[in-house]
Amino acid sequence: MKVKVLPVVLLFLGVLAAYAFAGVRGTAHDFFMRIPELSGYTDKELCRFCHLLRVPGPAATSPPLYNLYQSPTLRAVIQQPNGSSRACLLCHDGSSSLGSIWAGYIGRRLPLGPVSERVSLGGDLSDDHPVSFVYDSSLARRKGSLAEPTILPRQVRLDPRGRLQCTTCHNPHAERFSKFLVMDNSVSQLCMSCHRFQSAGSSYHTSTNTACGNCHRVHGGSDRLLTSPLRRPR
């Protein structure tokens, strides 16, 4: 007896797509709401803008080279952004106008500039949390203050190759929490999902009542992502 798997798979993917549409609606990623010229396009085409499904687009071009984060305490092998982080940076590095990016999909430019400076990381990622590195048990052992990746909360997801990406901390399909975070981080719950400092022996990390953001900035920090009056926080 033959089992018709394909229709079931397509139905499942359709359900996932519908769920994603619902989450994006009304957020900063709802391009149809924010860009009147796109009002005639379908939800599927909205998804294609980021996911590049069978549509030639910016991801087919040579990716830019970014200045990457470095620190004397870094134990991960950092490489140029790839995977979902590359997709995020198509817009969020601020190097291209949204109108020119959309031109690859609809065949004409739109009168849109780059994303605002507030949400643009620029080409210098040296003051941003590293992405696109493999987060495995070996890294957790080398670093000593990282949680085992097998016990991360279900919301905090690595990509299929075990790499930490922008989407590990941000869910572009839903803005349930501020800045599209995957979980509430008001008392550093998200930070502490990976970073475990209570046993690190450092007097700076012994208090459980101190938010990580008092000393660190995930975006716009100085060495070791520390806060600095010389850098404007984002």
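Somewhere in the stretch 121-141, is a residue within 18 Å of the chain's Cα centre (by Cα), surrounded by fewer than 17 Cβ atoms within 10 Å (Cβ to Cβ), within 16 Å of Ser84 (Cβ to Cβ) and touching a residue at least 12 places away in the same chain (Cβ under 8 Å)? Within the stretch 121-141 (the criterion being within 18 Å of the chain's Cα centre (by Cα), surrounded by fewer than 17 Cβ atoms within 10 Å (Cβ to Cβ), within 16 Å of Ser84 (Cβ to Cβ) and touching a residue at least 12 places away in the same chain (Cβ under 8 Å)), the answer is yes, since at least one residue qualifies.
Every residue, every condition in (1) modelled with pLDDT of 80 or more; (2) more than 15 Å from Leu125 (Cβ to Cβ); (3) buried (at least 17 other Cβ atoms within 10 Å of the Cβ), yes or no:
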residue: Pro58; (1), (2), (3): no, yes, yes
residue: Tyr66; (1), (2), (3): yes, no, yes
residue: Pro72; (1), (2), (3): yes, yes, no
residue: Ser85; (1), (2), (3): yes, no, yes
residue: Cys88; (1), (2), (3): yes, no, yes
residue: Gly94; (1), (2), (3): yes, no, yes
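Among the residues of the stretch 142-161, the ones that are surrounded by fewer than 13 Cβ atoms within 10 Å (Cβ to Cβ) and within 28 Å of Leu65 (Cβ to Cβ) come to 3 in all.
Against the numbered list (1) more than 23 Å from Gly221 (Cα to Cα); (2) out of contact with any strand residue (DSSP E or B) (no Cβ under 9 Å at 6 or more places or on another chain); (3) of a type outside the set (Val, Ile, Thr); (4) surrounded by fewer than 14 Cβ atoms within 10 Å (Cβ to Cβ), Ala103 comes up short only at (4).
The values are calculated or read from the model by the stated rules, or taken from the named source; none is laboratory data. The structure displayed is predicted, hence computed values, not measured ones. Note that each Cβ is placed from the backbone with ideal geometry, even for glycine, and that neighbours are counted across all protein chains shown.
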